[in-house]
Amino acid sequence: MQSGGYVSVNTSGNTLDANAIPIPKENADMAFDAATCIGCGACVAACKNASAMLFTSAKVSQLALLPQGEVEARERVQNMVAQMDKEGFGNCTVTGACEAECPKGISLENIARMNREYLKATLSPGK
Ligand code: SF4
């Protein structure tokens with residue numbers, strides 16, 4: 001989470017009304033579903049590869065799906081994937097064990113979204 005699971009917002013006492021930015025309902029629903037991840041780690045424990053991709057992808061997705069999270073999306077996905085690798089978690093081979101064990105019903109679709117976000121970030125020009 002420290003490597004990118006947040007948005008950098010200077011509120012300075014002037015917090016914007018959340019409804020000031022229109023967001024498609026479908027995106028808001030998917031972001032909300034991803035945000036229900038409680039970080040319990042059951043997905044990692046269930047995975048034969050000890051992959052943390054369901055957890056990480058839920059955190060990447062909840063922000064990537066919203067305009068507020070788009071600003072830092074490129075850095076976020078690269079930093080979070082790098083941190084995941086650095087900590088020695090395994091890779092995803094799409095067995096679905098994580099999704100089956102997740103108490104919050106986090107979908108494998110989030111892993112696909114994170115992979116797309118990562119590809120987009122690595123193919124787009126850097127800062
Ligand atoms: S099992 Fe589900 S709720 Fe728990 S950390 Fe993994 S994705 Fe999040």
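Since every read-out is calculated from the coordinates, none of them should be taken as a lab result. Quick caveat, the model's predicted, so the values are computed rather than measured. Methodologically, a virtual Cβ is constructed for each residue, glycine included, from the backbone with ideal geometry; neighbour enumeration extends over all protein chains shown.
The table for this structure:
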read-out: The chain, dipole about Cα centre (Lys/Arg Cβ +1, Asp/Glu Cβ -1), debye to the nearest 20; value: 280
read-out: Residue order, fewest to most beta carbons within 10 Å, for Glu26, Glu117; value: Glu26, Glu117
read-out: Kyte-Doolittle mean at least -0.5 and Cα axial length at least 18 Å: DSSP H helices in the chain; value: none
read-out: Nonlocal amide H pairs with Ser51, under 5 Å, H built at 1.01 Å; value: Gly90
read-out: Relative counts (whole %) of C-alpha pair distances in the stretch 22-123, using bins that are 10 Å wide; value: 17, 50, 30, 4, 0
read-out: Whichever lysines have a C-alpha closer than 29 Å to that of Lys86, once near sequence neighbours (fewer than 8 apart) are set aside; value: Lys48, Lys59, Lys104, Lys120, Lys127
read-out: Lone cysteines, the chain (no partner Cβ under 4.7 Å); value: Cys37, Cys40, Cys47, Cys92, Cys102
read-out: Pair Ala28, Val94: separation of 7 Å Cα→Cβ label points (nm); value: 3.2
read-out: Charge-dipole axis of the chain as Lys and Arg at +1 and Asp and Glu at -1 on Cβ define it, positive-most pick from Ser124, Leu65, Met1; value: Ser124
read-out: Computed lengthening from Glu70 to Glu109, 0.36 nm per intervening residue step minus Cα-Cα distance; value: 12.2 nm
